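One structure below.
Laboratory data are not the source of any read-out in this text; all were calculated from the coordinates shown. On a predicted model such as this, the values are computed, not experimentally measured, just so you know. Using ideal geometry, Cβ is built from the backbone for each residue, glycine included, and neighbour counts are taken over all protein chains shown.
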Amino acid sequence: MNTDNSDRQNPRSLEIIFKDHLANTMECGQVLSQLFSNLEEPDLYIAKVKYLEEKGDKLTAEAYYALELLAYSEFIHLIEQLVKHLDDIVDGINNTARLIDICHPWQIENAAQEILSTLLSMIARLQMEMEQYPENELASVKACREMLKKSEENADVIYHEWRKTQRRILVLPLVDETNWTEILGILEQTTDAAYHAVLSLERIVRYRLRQ
């Protein structure tokens with residue numbers, strides 16, 4: 001990815017970029033929640049999610065460029081992994097909106113609301129932890145990781161219980177079931193990305209403390 005000329009002339013610190021990235025991701029997730037409540041007129045929300053995802057791409061590019069200015073090392077590789085996972089979160093939110101645009105569901109599934117709520121709580125917790133970057137305390141990062149792990153596992157349970165119910169009771173027509181299986185699957189994978197982000201952050205902190 002390429003940054004614009006102003007970014008290259010005046011690179012910002014990674015801590016500022018990461019905070020902006022997560023703030024943008026939170027806004028993107030909140031717009032997706034608004035989309036869930038406005039399925040009858042989705043276009044405005046889908047477009048805004050896409051705009052915020054593209055903004056996230058620019059922040060990802062800015063972070064990678066900032067890393068290019070540093071001598072490559074294992075530490076830089078760990079930060080690159082964090083950048084990738086942050087980008088995966090906002091991509092997952094956008095992919096969810098894109099699937100809704102394709103499938104045109106007429107009613108939101110409660111499981112989607114529950115997983116998205118879980119994801120937003122994970123992003124909020126990541127934001128809190130990233131406020132301390134790059135001086136994060138290991139105990140705080142571990143607590144964040146444990147909270148996000150429980151949330152990721154909860155999202156996984158919600159997804160699989162929903163699928164089990166559909167198969168046993170046949171609540172939805174087959175086409176709708178297929179569409180929602182895909183939508184919920186993307187949302188659940190996005191909670192995985194949030195969990196992997198905090199794992200990367202913990203590895204960064206452990207590496208720093210060893211030096």
Rh_Kirkwood(the chain) over Cα pairs, Å, one decimal, evaluates to 17.9
Helix-only [θ] at 222 nm, the chain, -39500 (n - 2.57) per DSSP H run of 4+, per residue, nearest 500, equals -29000 deg cm²/dmol
Projected onto their principal axes, the Cα atoms of the range 80-122 stretch, largest extent first, over whole-Å spans of 39, 23, 9
Projected onto their principal axes, the Cα atoms of the range 19-117 stretch, largest extent first, over whole-Å spans of 52, 23, 21
Given 189-199, 69-79, 137-147, 11-21, the highest-first ranking by average Cβ count within 10 Å works out to 189-199, 11-21, 137-147, 69-79
Listed by chain and number, the lysines with an alpha carbon less than 18 angstrom from that of LYS142, same-chain partners under 8 positions apart left out, are LYS150
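How much length is gained if the chain between GLN107 and LYS50 is pulled fully straight, taking 0.36 nm per residue apart and subtracting their Cα-Cα distance, in nm to one decimal? All intermediate terms of the calculation are to be shown ahead of the outcome.
Numbers: separation 57, 0.36 × 57 = 20.52 nm, distance 2.14 nm.
Length difference between fully extended and current span is 18.4 nm.
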Rounded to the nearest Å, the spacing of the alpha-carbon centers of the range 132-211 and the range 26-69 is 19
Cross-link reach from LYS84 to aspartates and glutamates, straight Cα distance under 13 Å and at least 8 residues apart if same chain, gives ASP57, GLU62, ASP192
